[in-house]
1. I'd like to check something: does region 129-151 contain any residue that is modelled with pLDDT under 95, within 15 Å of the chain's Cα centre (by Cα) and open to solvent by 70 Å² or more (accessible area, probe 1.4 Å)?
2. Any residue that is open to solvent by 60 Å² or more (accessible area, probe 1.4 Å), assigned to a helix (DSSP H, G or I), among the acidic types (Asp, Glu) and modelled with pLDDT under 90 - is there at least one of those in region 178-192?
3. Could you tell me which residue of region 3-43 is farthest from the chain's Cα centre (by Cα), considering only residues that are open to solvent by 80 Å² or more (accessible area, probe 1.4 Å) and either hydroxyl-bearing (Ser, Thr, Tyr) or modelled with pLDDT under 70 (or both)?
Amino acid sequence: MLTALLVSQVLSWIVIACAIVALLALARQVGVLHMRVAPAGALMGSNGPAVGEAAPHLHLQTIDGQPLEIGGALTRHAMRLLMFVSAECPLCKNLIPAAKSFAKAERIELVFVGDDDVAVQRRMIAQQGIESYGFINGAETGRAFHVDKLPYAVLMDAAGTVLSKGLINSREHLESLIVAHELGMRSVQEYINGLKVKIA
């Protein structure tokens, strides 16, 4: 009886040791896979002002009645990020805190753009705590940049030139707008495709 108990105890330890080894091997493979999968960037559409072109020059008003010029020269920041959002878009609302954090970290002027009833927009502004940011409400900006899906972002330099743009759904996608600009590419996808060509 004692021998059987001892054997079962030894076998259970062997099984546990094998499970640990298998788990470590699996973790290593996941790490290798993670390294091989290229980082996804903001998905850039083909419509609207192209990267490298001047943004449409618009004289607008924020929801609070303050004048805001899009496409003109910036005086206080080196870059401006337009983030197109909607109160009806759960993903947009989830991304707003990430956009605020991203803009603060990168020292970018963040301007939100929407097209909805003013009361709805004011509720969203209060809920998201974005009262201190410019918020443009109206279809004109979306039409000028040919925005047809949300959430969408456009990064511009101090002179009003489009640096990068695209459909976003994570903080990483927002960061890819800066990365694409720093790499001198229109988008992260263009960079990845260039790497694939070099490898081939």
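The values are calculated or read from the model by the stated rules, or taken from the named source; none is laboratory data. Everything quoted here is computed from the prediction, not taken from an experiment. Every residue, glycine as well, gets a Cβ built from its backbone with ideal geometry; the counts of neighbours run over all protein chains shown. The area values use the complete protein model at the heavy-atom level, side chains included, leaving out ligands, DNA and RNA. Shrake-Rupley method; radii C 1.70, N 1.55, O 1.52, S 1.80 Å.
1. Yes, that holds for at least one residue.
2. yes
3. Restricting to residues being open to solvent by 80 Å² or more (accessible area, probe 1.4 Å) and either hydroxyl-bearing (Ser, Thr, Tyr) or modelled with pLDDT under 70 (or both), the top hit is THR3.
Per-residue answers, yes or no, for (1) open to solvent by less than 20 Å² (accessible area, probe 1.4 Å); (2) farther than 19 Å from ASP148 by Cβ:
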| site | (1), (2) |
| --- | --- |
| ASP64 | no, yes |
| VAL85 | yes, no |
| ALA99 | yes, yes |
| GLU106 | no, yes |
| LEU110 | yes, yes |
| GLN121 | yes, yes |
| MET124 | yes, yes |
